[in-house]
Each structure stands twice: as C-alpha cells, then as structure tokens.
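Quick note: the coordinates plus some simple rules give every number you see, no bench work behind them. Model, not experiment: these values are computed from the prediction. FYI the Cβ positions are ideal-geometry reconstructions off the backbone, even for glycines, and counts take in every protein chain you see.
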Amino acid sequence: MSIIRCLRTYRLPDRPSLIWLELETSDGLVGLGETFRGAVSVETCLHDELAPWLLGRDARHIEGISRHLLTPYVGYNGSGVEVRSASAVDIALWDLAGQRQGVPIHEALGGAARESVPVYNTCAGYAYNSTGKRRDIGNEDKPQGPYDDQVAFMHDAGELARSLLDEGYKAMKIWPFDIYAPKSGGHLISLPDLEKGLEPFRKIREAVGNRIEVMCELHSLFGGHSALRICQALEDYNVFWVEDPLCKMDDHVALADLRRRTRVPVCGSETLGGLRPFRDLLANDALDVVMLDLAWCGGFSEGRKIAALAQAYNRPLAPHDCTGPVTLMAGLQMALHAPTAIYQEVVRATLATWYRDIVTDLPVIREGMAQPTVAAGLGTRLKDSFKQQPGLIVRESR
Ligand SMILES: [Mg+2]
C-alpha cells in the first residue's frame, strides 16, 4: 500500500504564478508536482477541494485518481484551476510511481524512444513569465544579464542567433509581433508594424543563414486576418512553426482555414488543456505540431494520451516550458518517451538562474540535446535551501 498521508504546497510571493506540491505516502515516499498561473487559486483548490478526497487513497491508483480529478461537475474543460490542480497531483503521483519502482518516469511510461531530446531556446529573459505579468520590450529596455534574450531578439536577433549557436542551441523561439497586437485587439496589423516584426527574422537569416531553426510565437493575440497576414509574411523566412496564431486556439474552424491559406506550419496549444481539444484540432486539420504542457493538461496520465493522439495523426509533439523547473523535468520525461516528440522547450536564462535555486537537478544539455535522466521518478526534488527560504508560504493538509 502507498497511502497518501499529506499534501503540502509551497509558493513564493515574488513568483505568484508558481506553486509546488509534495505528496507524502505511507511507504515513506515524497512525490513532487508543480503548476503555473494563479498559485493562490490552485492552493485553495488543492487543499479545500482535492485534499479531502485524496488523503487516505492509494497513490498507486494513478489512472483512477486522474479520471476523478479531471472530471469534476464543473471546471473539467480547458486548463482552469481544477485542471491545473489535478495536473500537479498527477505529476507527483507519477514521481511516486517511478520512485517506488526505482525507474525514471520515461521508463515507467514504457521506455525511451530516443537517446536524447533536441531542445530549442525560448528567448525569454530571467523573469519573463513567473512574476505574473508578461514583459513587453521597448527600445529603451536594457539587458539585465548575458541571457536577457528577449531584449536581445528585439534589438539584435542576428547576434543572439550567433550566441545560441556558440552554445550548441540549434533552434530558437521569438515573439516580435506581440507588441503590435493591443492597439487593434489583434485584428489589424499595419504594413509598417509587419515590417518591424519581420526584422528579427531577417537579421537571423542574414547573420547565420539556415544554421538555426526559428519558431515564431504569437501567444493567441491575433484575429484571423492579422494572423494570416503575419503567417504569409513569414513564409519567406523558413520558420519552423508559428505558435498559437489565433485568439482563441479552440476555434478549429478558423484555425483550419488559416492553415489552408499559409505555408508555415501551425503549432498549438499548451493553453487548451486535455485530450479532447487536441482531438478536435487534429481531426479538423488545424494543427501541424502538438504543444502540450503537463502542468496544464492533466499531467502524465492525460499527456501520454495526447502524445498517442499526436502519433495517430502523424504529428510531432513538443512539450512546453517557460513556466517552472518541475514542469520542465516532466516535459523531458515525456519527450524522451513520446513516439513523435521532436523538441523540449527550454529557457537558458531561467535554467542558468532561478530554476537552480528551487530544485536539485535540471536537464543536462549538451550540444543542444537534453540528456536522459537516470534517477528514479522525475529525477529532481525541491532543494532544502528553497524550503528554508524566508517568505515561503507553506500549507499542509493531513
Ligand atoms: Mg506558447
């Protein structure tokens, strides 16, 4: 038996998007989970809604727990607070399962499909997302360190591409069109703004030619007409994918229409949650690349089914990061195992800085390839120094 005895959460006031979860079991194990956005709401959901049902259950019954937590009477669709909370629990349950069997999660899932996983660098800065607000970069912004890659791609994307290639990265993601969306609610992009948005892509190709893959993130900020205009303008730059081009990405009719009218591959969408929205997008020819976030989709239990769906539709899979270190380690486990996984997202700015303050182990990247983990379970745990940090908010249900 492996009975869930304690559910413990940790969050930091200065990183209000992040929450970490530990599940303690009667066989002396501690499983680690995490989710992202609205940490206070997730904390309430975990302790007030989920803990009374979870405590006393057998942690080995992962699928049964996943089915129960992902089908509440309300809040079962999308990546809302119930699903994000369930995702953190599921990641912790798989960590426990791996530890119990003495194998890494990629092995528990059925074994690795590849020796290592290519990564791409999302060109965010040090605190792009975790402080609860996305950062916009203007001309006056100065880099806050050597890896402030969001400032770099807005100012000199060619030099940034060179710096990434020097470190072995062979793919990068940028979002230079974001700043032009708000003035029209995303429904109009003018020719001058389009030209300014294209400039980083032009600089990258001038600086390094086709030696690096470039992804363009549109963050679901655009309507059909402006998204199409951007996609068609990007056709000349050999972009690897355009991510989340439309507001909102569950509109498979509009997305399929966009996809038919552009040559750039469409990637989406870690924002959608579980299996069924991905089924709708794939069945309606609306996606080229499946991007999932294990901390938003329901964890490994739901994520492995999304991976199987991607395989059935012959589409590549790319787990999301740009959130937190546990999600990154979880994504790597999935990317090692999933039949059609092609990339794991990383952010070198966070990998080199605050991710290290939180967990004991992070992906080892050599020549742009994330190496497999060997430790049992997720292969990482919260650092003792993190748990002793002043200001850390800890809550326990027993
Ligand atoms: Mg994205």
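Once R0 is set to 25 Å, what does the formula 1/(1 + (r/R0)^6) return for the Cβ-Cβ distance between residue 166 and residue 144, expressed as a FRET efficiency to the nearest 0.05?
Details: r = 20 Å, r/R0 = 0.82.
Efficiency at R0 = 25 Å is approximately 0.75.
What would the Debye equation give as log₁₀ I(q)/I(0) for the range 252-310 at q = 0.18, 0.24, 0.25, 0.26 Å⁻¹, counting only Cα atoms as equal point scatterers?
Values, matching the q order: -0.55, -0.89, -0.95, -1.01.
For the range 79-151, which GluC sites (Glu not before Pro) pass both filters: DSSP loop (anything but H, G, I, E, B) and at most 15 other C-beta atoms within 10 Å? Walk me through the intermediate numbers first.
Details: sites: 82, 107, 115, 140; in loops: 115, 140.
Sparse-neighbourhood loop GluC sites (Glu not before Pro): 115, 140.
Under a point spin-label approximation (7 Å from Cα along Cα-to-Cβ), what is the residue 276-residue 248 distance to one decimal in nm?
Spacing of the two 7 Å Cα→Cβ label points: 1.4 nm.
Hey, what D do you get for the range 107-370 in µm²/s if you plug the Kirkwood alpha-carbon radius into Stokes-Einstein at 10 °C and 1.306 mPa s?
Details: Rh = 18.5 Å.
After rounding, the answer is 86 µm²/s.
Express as a percent, rounded to the nearest 5, the fraction of DSSP beta bridges in the range 107-370 (both residues included) that run antiparallel.
Working: 4 of 25 bridges.
Looking only at bridges with both residues in the range 107-370, the antiparallel portion is about 15 percent.
Which log10 I(q)/I(0) values does the range 17-158 give at q = 0.16, 0.22 Å⁻¹ under the Debye formula, counting every alpha carbon as one identical point scatterer?
-0.95, -1.25
Using the Kirkwood formula on the Cα atoms of the range 156-291, what hydrodynamic radius do you get, in angstrom to one decimal?
Details: mean 1/r = 0.0661 Å⁻¹.
Answer for the range 156-291: a Kirkwood hydrodynamic radius of 15.1 Å.
Largest first and in whole Å, what are the equivalent-ellipsoid semi-axes of the range 90-160 based on the Cα gyration tensor, each being the root of 5 times an eigenvalue? Write down the numbers at each step before the final one.
Working: eigenvalues 286, 53, 14 Å².
In descending order the semi-axes read 38, 16, 8 Å.
Restricting to Cα atoms and excluding each atom paired with itself, what does the Kirkwood estimate give for the range 126-178 in Å? Write out the running numbers ahead of the final one.
Working: mean 1/r = 0.0841 Å⁻¹.
Answer for the range 126-178: a Kirkwood hydrodynamic radius of 11.9 Å.
Count neighbours as other Cβ atoms within 10 Å of each site's Cβ, and list the trypsin sites (Lys or Arg not before Pro) in the range 167-266 that are DSSP loop with at most 14 such neighbours.
Working: sites: 170, 173, 183, 196, 202, 203, 205, 211, 229, 248, 259, 260, 261, 263; in loops: 170, 211, 248, 261, 263.
Those that pass, being in a loop and sparsely packed, are 211, 248, 261, 263.
Let me check I've understood the local charge: for residue 290, count other residues with C-beta under 10 angstrom from its C-beta, Lys and Arg +1, Asp and Glu -1. What total comes out?
Values: positive: 315; negative: 270, 288.
Net local charge, residue 290 excluded: -1.
What is the sum of charges around residue 196, taking Lys and Arg as +1, Asp and Glu as -1, for the other residues whose C-beta is under 15 Å from the C-beta of residue 196? Provide the component values of the computation, followed by the final result.
Working: positive: 183, 202, 203, 229; negative: 136, 156, 178, 193, 195, 199.
In short, -2.
Distance cut-off 30 Å, Cα to Cα: go down the list 142/203; 142/173; 142/196; 248/387 and report the pairs above it. Kindly include the intermediate steps, with their values, before the conclusion.
Details: 142/203 19 Å; 142/173 20 Å; 142/196 19 Å; 248/387 38 Å.
Over 30 Å Cα-Cα: 248/387.
Which of 335, 233, 286 ends up with the largest GNM mean-square fluctuation for the chain, with Cα atoms connected below 10 Å?
In this elastic network of the chain, the residue with the biggest mean-square fluctuation among 335, 233, 286 is 233.
In debye, nearest 20, what is the charge dipole magnitude of the range 175-301 about its Cα centre with +1 on Lys and Arg Cβ and -1 on Asp and Glu Cβ, if you could check? Intermediate results must be reported in sequence, preceding the final value.
Values: 14 positive and 19 negative charges, 43 e Å.
In total the dipole reaches around 200 debye.
How large is the direction-averaged shadow of the alpha-carbon convex hull of the range 1-90, in nm²?
On the way: hull surface 21.2 nm².
Mean orientational projected area (the range 1-90, Cα hull): 5.3 nm².
State, in angstrom, two size descriptors of the range 84-236 derived from its alpha carbons: Rg to one decimal place and Dmax to the nearest whole number.
Cα only, the range 84-236: 19.1, 58 Å (Rg, Dmax).
Do the sum for the chain: with -39,500 (n - 2.57) for every DSSP H run of n ≥ 4, divided by all residues, what is the mean residue ellipticity at 222 nm, to the nearest 500 deg cm²/dmol? Write out the running numbers ahead of the final one.
Details: 16 runs with 152 residues, N = 398.
About -11000 deg cm²/dmol.
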